[in-house]
Amino acid sequence: MAKSKCPRCGLVNAVTDTNCRRCGTALQDAPTQQAAAEQARQRGILKRLLWIVTATAIAVFIFYLSLLLTSDDLGFPQREVVERAVNILEQKGFEREAFVLGRLTRYRGSDNWWNTYVGHRDAYAATNFPFELLTLYPDFFQVPVDDNERAAILLHEAYHLLGSSEEVALEGVWRNKHRLGWTAEKYGNSRVWRSTRELTMAYVPELFRCGDDQKSDCTP
């Protein structure tokens, strides 16, 4: 049986009562009470959602800040090298990737605590998605033949910064190597070329099933 709660003293009265039996306050009808209760319930849900969103945002910001505070920034000479490589990507028509690398990415010169915790294989760089953090290791500056080859490495990392997997990143770089000017004729003997080709063959073997021997590079 429906009952009416007094808005003043809280006494639960019978639904037929028009006034509170305790304090005499006029009672709302049942539909009005139900509407008020529904509004209160909705406000409660919105408050909980707002609290969850706020708490999540604070936690994400603290995590991001911890990544910055536990790693070192790049020096000015290193930043100049990065800028030249990003400019090459933009000139070659990789506008989206260049925008992410040049405008949205924070570059670091040493591992943050998370990179140290999860570990990584020998690499030229490591990304932290979706925080758009890119750690560049000494080999990035020392091993590539020139800035064009560094641009190829940054193109690979740009795919990760956009949320793509290792397979997608390797395939994207390999399919676009001629567009970038990173070709076997000029870079075939470089360490970066050899390691990239080896990884691409392992992750995307279908790119190397052409030619009479069915083992040749399928990309132009």
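Data overview
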| read-out | value |
| --- | --- |
| Which numbered condition residue 148 misses (of (1) modelled with pLDDT of 95 or more; (2) surrounded by fewer than 16 Cβ atoms within 10 Å (Cβ to Cβ)) | (2) |
| Whichever residue in the stretch 204-216 is free of Cβ contacts under 8 Å to residues at least 24 places away in the same chain and part of a loop (DSSP other than H, G, I, E, B) and, among such residues, is farthest from residue 122 (Cα to Cα) | 212 |
| All positions within the stretch 143-189 that are in a helix (DSSP H, G or I), over 13 Å from residue 85 (Cα atoms) and touching a residue at least 60 places away in the same chain (Cβ under 8 Å) | 159, 161, 179 |
| Qualifying residue in the stretch 78-99 (condition: in contact (Cβ under 8 Å) with a residue 12 or more places away in the chain, more than 17 Å from residue 151 (Cα to Cα) and β-branched (Val, Ile, Thr)) | no |
| Residue among 89, 136, 101 that is within 24 Å of residue 188 (Cβ to Cβ), surrounded by 12 or more Cβ atoms within 10 Å (Cβ to Cβ) and assigned by TED's automatic domain parsing to the domain that holds residue 188 | 89 |
| Qualifying residue in the stretch 192-203 (condition: of a type in the set (Val, Ile, Thr), in a loop (DSSP other than H, G, I, E, B), under 27 Å from the mean Cα position of the chain (by Cα) and buried (at least 16 other Cβ atoms within 10 Å of the Cβ)) | no |
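Here is a yes/no grid of residues against (1) among the small types (Gly, Ala, Ser); (2) part of a helix (DSSP H, G or I):
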| site | (1), (2) |
| --- | --- |
| 80 | no, yes |
| 85 | yes, yes |
| 96 | no, yes |
| 110 | yes, no |
| 114 | no, yes |
| 123 | yes, no |
| 130 | no, no |
| 139 | no, yes |
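The values are calculated or read from the model by the stated rules, or taken from the named source; none is laboratory data. What you see is a predicted model, and the numbers here were worked out from it, not measured in a lab. All Cβ positions, even for glycine, are placed from backbone atoms using ideal geometry, and neighbour counts span all protein chains on display.
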